[in-house]
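Undergrad: Once you've had a glance at the structure underneath, I'll fire off some questions.
The values are calculated or read from the model by the stated rules, or taken from the named source; none is laboratory data. Here the structure is a predicted model, which means the values were calculated and not measured. Note that we place each Cβ from the backbone using ideal geometry, even for glycine, and neighbour counts take in every protein chain shown. Heavy atoms of the whole protein, side chains included, go into the accessibility calculation; ligands, DNA and RNA do not. Shrake-Rupley method; radii C 1.70, N 1.55, O 1.52, S 1.80 Å.
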Amino acid sequence: MSVLRVESLSKAYGEKPLFQDIHFTIERGQRIGLLGVNGTGKSTLVKVLAGIEGSDSGTQYHAKDFQVEFLPQQPELPDGETVLGYIYNGDSEVMTTLREYERAQAALEEKPESERLQQELLVMQERMDKADAWEASTQAKTILTKLGIYTMTATLGELSGGQKKRVAIARALIQPADLLLLDEPTNHLDHATVAWLEAHISAYPGALIVITHDRYFLNRVTNRIYELDRGALHVYEGNFETYLQAKADREMQEEVAEEKRQNVLRRELAWLKRGAKARSTKQKARIQRVETLDEQGGPEAKQQLDVAICSKRLGKQVIELSEITKAFHGKTLIDSLSYLIVPGERLGIIGENGSGKSTLLNIMAGRLQPDRGTISVGETVKIGYYTQGDAELDGKLRVVDYIKEVAEVVYTVEGDVITAEQMLERFMFPRSHQWTYIRRLSGGEKRRLYLLRILMGEPNVLFLDEPTNDLDIETLTVLENYLDSFPGVVVTVSHDRYFLDRAVDQMLIFQGDGTISRYQGAYTDFLEQEGQKQAKSEAMKAKPEPPKRKKEGKKLSYMEQREWEQIDDKIAALEEKQQSLEGSIAEAGSAYGKITELMNEKEQIDERLEEALDRWTELAEKVEEL
């Protein structure tokens, strides 16, 4: 069953066409990965589908009650709104009911003696029952917790940038929708959260379009790939792995077709040049055929990103850290770290958001001073630091001027001289776009331009802070190939599993309390090892107790007889208490502290009930023997 049909959709910015006359149909349950080089219009396309931007032409067909939910790459959240208020901010009956119930609950918590507010809460509880909204409320709080958001009544202005992104993800997932549009949802998420998101999206009931650079995520979540390429939309069945093979086959077929066209064109031109009579009908048909073949043209030459830039010579001494300690606001991020970086090293830095990874890079780059400890940097070291965000880009500059600030020319590994304009062309910025102001570029184009500026400095030590955010997969692939042959040192902070597997061979793992451990090997091997440790720990906790030996005896003791007579009532009372606590938890609304207290009490009741049932079984066996 289709949820959306799109016909003849086109969109251009000025003279730059993004997509032209594209057609597609989205079926319920489809998981679509949207790919394309930065600047081809991926984000624009999902904004058009979400109704945020208009198209130049084309039509979208869907049901009247069609619902679409959109997660932008950089969501803007109202600072004065609460977490729950924001994620419940939808037009559906369930969302409206949840929002009003939370407000009634909060008002009563402020004035618990108010009979009017108590009555209003009772009315809202009835509406929650009628709208069947309790499950949605539980699901929302579960999603927030899984995403690491526990302060559900806090205002959005109190949250960090990473927390705001997680709240925006939670809202997108909880809102009822026929089509869910996600633009780079895995940016700034740690491995555990991405793994949870993969599992959650795999069970999402509606259709999905996701823009992401995370190739493992694409491979595990998608069952169809859309690729925007020079205005056209190519559709591939299957996941990312299947897409790579199908795309290679398509490009090969295009090359074969173009070679055949060129051969026919050469043969026809040669025949015409032999001087046959020009007024014959057959001759006119041949001339028409040649003109048609010539006008038809072949596939446009694909732009190839080329980063074969030379780097300065690096000596034996690179960077040495000795007893480095750094704390912010009383929290220790780095505690007495000593580490020696050697020539050729490929080091990955991983850990939860806010654990101090970027802080360590800033200390090594000399942008931040440690509280204690020393840093020794080799005389030949030339650091190229690729940071997060767009703070390093001046939107008032033109593209070519931004690059020329670093160097007018660079040298390739073969010793060839290349001008700034030529390097921009290699980075897929044609001459016609080099005088564009930076502020007019897409987010991905800005990151690609920033990467070029870093490499134009010919560094021999590369610091890459979340380099996969906002770079398209093609650029990432070329960057990974470049790093394979890069003669210097690479230090990478990243959450991208595929990139880490390609780019590093040892890691520093931030534990979040200032402790930093080391691991020698690939990132996937590290995750598997950690998974095995966790599974072993859980297995030890769940290890069953040895079976209890049955007491020998043919009759119940006096105390056992009394216990047997009373145990049914005891079990019934515990079950009644258990149900009462479950009801209280459902009614607790946004009172997170109260929920925690009730959950702890329920766990104690659950344990007592389980013990009573075990005792009932033991006594029943004795009674049966009699």
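Undergrad: Ignoring ligands, DNA and RNA, please state the percent of accessible area on the chain from carbon and sulfur, probe 1.4 Å. Walk me through the intermediate numbers first.
TA: Working: 15960 of 33300 Å².
Its accessible area is 48 percent carbon and sulfur atoms.
Undergrad: Could I ask something else about it? Hey, can you find the accessible area per residue of the stretch 15-85 for me, probe 1.4 Å, expressed in square angstrom? Show your work: numbers first, answer last.
TA: Working: 3510 Å² over 71 residues.
The answer is 49 Å² per residue.
Undergrad: Net charge within 15 Å of Lys331 by Cβ-Cβ distance, Lys/Arg positive one each and Asp/Glu negative one each, not counting Lys331 itself? Please list the in-between numbers first.
TA: On the way: positive: Lys326, Lys357; negative: Asp335, Glu352, Asp371, Asp513.
Once all neighbours under 15 Å are counted, the net charge is -2.
Undergrad: Using every pair of alpha-carbon atoms in the stretch 465-507, split the distances into 5 Å bins beginning at 0 and state the percent of pairs per bin, rounded to integers.
TA: 5, 22, 38, 26, 8, 0
Undergrad: Based on alpha-carbon atoms only, what is the radius of gyration of the stretch 21-66 relative to the globular estimate 2.2 N^0.38 Å? Spell out each step's value before the answer.
TA: Values: Rg = 11.7 Å, N = 46, 2.2 N^0.38 = 9.4 Å.
Taking N as the residue count of the stretch 21-66, the ratio is 1.25.
Undergrad: Calculate one ³J(HN,Hα) per residue across the stretch 404-411 by plugging θ = phi - 60° into the Karplus curve 6.51 cos²θ - 1.76 cosθ + 1.60, and present them in order as whole Hz with x for glycine and proline.
TA: Values per residue, Gly and Pro as x: 5, 4, 8, 7, 7, 9, 9, 10 Hz.
Undergrad: Compute the long axis of helix 592-625 from its Cα atoms, compare it with the longest principal axis of the Cα atoms of the chain, and write down the angle in degrees, 0 to 90, nearest 10.
TA: So the inclination is approximately 60 degrees.
Undergrad: Here's a follow-up. Binned at 10 Å from 0, what are the whole-percent values of the Cα-Cα distance distribution for the stretch 105-206, short to long?
TA: 13, 36, 31, 16, 4
Undergrad: Here is a further query. Using only protein heavy atoms and a 1.4 Å probe, report how much of Tyr13 is accessible, in Å² to the nearest 10.
TA: Using a 1.4 Å probe on the heavy atoms, I get roughly 110 Å².
Undergrad: Sequence-distant or interchain residues sharing an amide H contact under 5 Å with Val493, placed H: which?
TA: Ile349, Leu464, Asp465, Glu466
Undergrad: Could you tell me how far the Cα centroid of the stretch 15-92 sits from the Cα centroid of the stretch 107-131, in Å?
TA: The distance from the Cα centre of the stretch 107-131 to that of the stretch 15-92 comes to 37 Å.
Undergrad: A further question on this structure: Taking the Cα centre of the chain as the origin and placing charges on Cβ (Lys, Arg +1; Asp, Glu -1), which of Thr419, Thr155, Val264 is farthest toward the positive end of the dipole?
TA: Towards the positive end, the residue furthest out is Val264.
Undergrad: Could you work out the helix-only [θ] at 222 nm for the chain, with each DSSP H run of four or more residues adding -39,500 (n - 2.57) and the total divided by the number of residues, to the nearest 500 deg cm²/dmol?
TA: -15000 deg cm²/dmol
Undergrad: Another question about this same structure. Can you check how the C-alpha radius of gyration of the stretch 176-215 compares to 2.2 N^0.38 Å, as a plain ratio? Could the numbers behind the result be given before it?
TA: On the way: Rg = 10.3 Å, N = 40, 2.2 N^0.38 = 8.9 Å.
Working it through for the stretch 176-215, the quotient is 1.16.
Undergrad: Could you please report the charge total around Ala199, scoring K, R as +1 and D, E as -1 over all other residues with beta-carbon less than 14 angstrom from its beta-carbon? All intermediate terms of the calculation are to be shown ahead of the outcome.
TA: Working: positive: Arg31, Lys146, Arg220; negative: Glu198.
Around Ala199, the surrounding residues sum to +2.
Undergrad: Could you provide, to the nearest whole Å², the per residue accessible area of the stretch 444-540 with probe 1.4 Å? Could you put the intermediate results ahead of the total?
TA: Working: 3400 Å² over 97 residues.
Using a 1.4 Å probe on heavy atoms only, each residue of the stretch 444-540 averages 35 Å².
Undergrad: Also: Please give the helix 240-273 orientation as an angle from the longest Cα principal axis of the chain, in degrees from 0 to 90, rounded to the nearest 10.
TA: 20 degrees
Undergrad: Let me ask something else. Rank-order 420-433, 350-363, 68-81 by packing density, defined as the average count of other C-beta atoms within 10 Å over each peptide's residues, highest first. Mind showing how you got there, number by number?
TA: Working: 420-433: 17.6, 350-363: 21.3, 68-81: 15.7.
Per-residue mean Cβ counts within 10 Å order the peptides as 350-363, 420-433, 68-81.
Undergrad: Over the stretch 114-273, give the accessible area per residue in Å² for a 1.4 Å probe, as an integer. Before the final figure, lay out the partial values.
TA: Values: 7320 Å² over 160 residues.
That works out to 46 Å² per residue.
Undergrad: Tell me, what is the 1.4 Å probe accessible area of Lys47, in Å² to the nearest 10?
TA: 60 Å²
Undergrad: Hey, another quick one. Given 5 Å bins starting at zero, what is the percent of C-alpha pairs of the stretch 112-168 in each, up to the one with the largest pair distance?
TA: P(r) for the stretch 112-168, in whole percents per bin: 4, 16, 18, 15, 15, 17, 11, 4, 0.
Undergrad: Right, next: Taking the Cα atoms of the stretch 428-516 alone, what are Rg (to one decimal) and Dmax (as a whole number) in Å?
TA: 15.0, 51
Undergrad: Order the peptides 397-407, 36-46 from the highest to the lowest mean number of other Cβ atoms within 10 Å of their residues.
TA: On the way: 397-407: 18.2, 36-46: 23.8.
Sorting 397-407, 36-46 by mean packing, highest first, produces 36-46, 397-407.
Undergrad: Give me D for the stretch 349-432 in µm² s⁻¹, whole number, from Stokes-Einstein with Rh from the Kirkwood sum over alpha-carbon pairs, 4 °C and 1.567 mPa s. All intermediate terms of the calculation are to be shown ahead of the outcome.
TA: Details: Rh = 16.2 Å.
My calculation gives 80 µm²/s for D.
Undergrad: How high is the FRET efficiency from Glu320 to Ala63, r the C-beta distance, R0 51 Å, rounded to 0.05?
TA: Values: r = 64 Å, r/R0 = 1.26.
The formula returns an efficiency of 0.20 here.
Undergrad: Kindly write out, for the stretch 430-436 in residue order, the coupling ³J(HN,Hα) from the Karplus curve 6.51 cos²θ - 1.76 cosθ + 1.60 (θ = phi - 60°), rounded to whole Hz, with x marking Gly and Pro.
TA: With coefficients 6.51, -1.76 and 1.60, one gets x, 3, 5, 9, 6, 9, 6 Hz.
Undergrad: Another one. Would you mind putting 372-381, 479-488 in packing order, based on average other-beta-carbon counts within 10 Å, highest first? List each step's numbers first, then the result.
TA: Values: 372-381: 14.0, 479-488: 16.6.
Highest mean packing first, the order is 479-488, 372-381.
Undergrad: Using θ = phi - 60° and the Karplus curve 6.51 cos²θ - 1.76 cosθ + 1.60, what whole-Hz ³J(HN,Hα) does each residue of the stretch 571-583 get, with Gly and Pro shown as x?
TA: 5, 4, 5, 5, 5, 5, 5, 4, 5, 5, 5, 4, x
Undergrad: Taking H placed 1.01 Å from N in the peptide plane, check which residues at least 5 places from Tyr13 or on another chain put their amide H under 5 Å from its amide H.
TA: Amide H neighbours of Tyr13, under 5 Å, 5+ apart: Leu18.
Undergrad: May I pose another question? Quick one: angle between helix 191-202 and the longest Cα principal axis of the chain, in degrees between 0 and 90, rounded to 10, please.
TA: 90 degrees
Undergrad: Can you give the Rg and Dmax of the chain based on its C-alpha atoms, in angstrom?
TA: According to the Cα coordinates of the chain, Rg and Dmax are 31.7, 124 Å.
Undergrad: How large is Rg/Rh for the stretch 1-110, to two decimals, with Cα atoms and a Kirkwood Rh? Spell out each step's value before the answer.
TA: Numbers: Rg = 18.2 Å, Rh = 16.8 Å.
The Rg/Rh ratio comes out at 1.08.
Undergrad: Sorted by accessible area (1.4 Å probe), largest first, how do Asp472, Asp65, Asp606 line up?
TA: On the way: Asp472 10, Asp65 110, Asp606 50 Å².
Heavy-atom accessible area, descending, gives Asp65, Asp606, Asp472.
Undergrad: State whether the stretch 382-483 is rounded, prolate or oblate according to the following rule on the C-alpha gyration tensor (a ≥ b ≥ c being the square roots of its eigenvalues): a/c under 1.5 gives rounded; otherwise a/b larger than b/c gives prolate, and the remaining case gives oblate. Please list the in-between numbers first.
TA: Numbers: a/c = 1.39, a/b = 1.04, b/c = 1.33.
Verdict is rounded for the stretch 382-483.
Undergrad: Report the Cα centroid-to-centroid distance between the stretch 174-221 and the stretch 398-427 in angstrom, as an integer.
TA: Spelled out, the Cα-based centre of one part sits 38 Å from the other.
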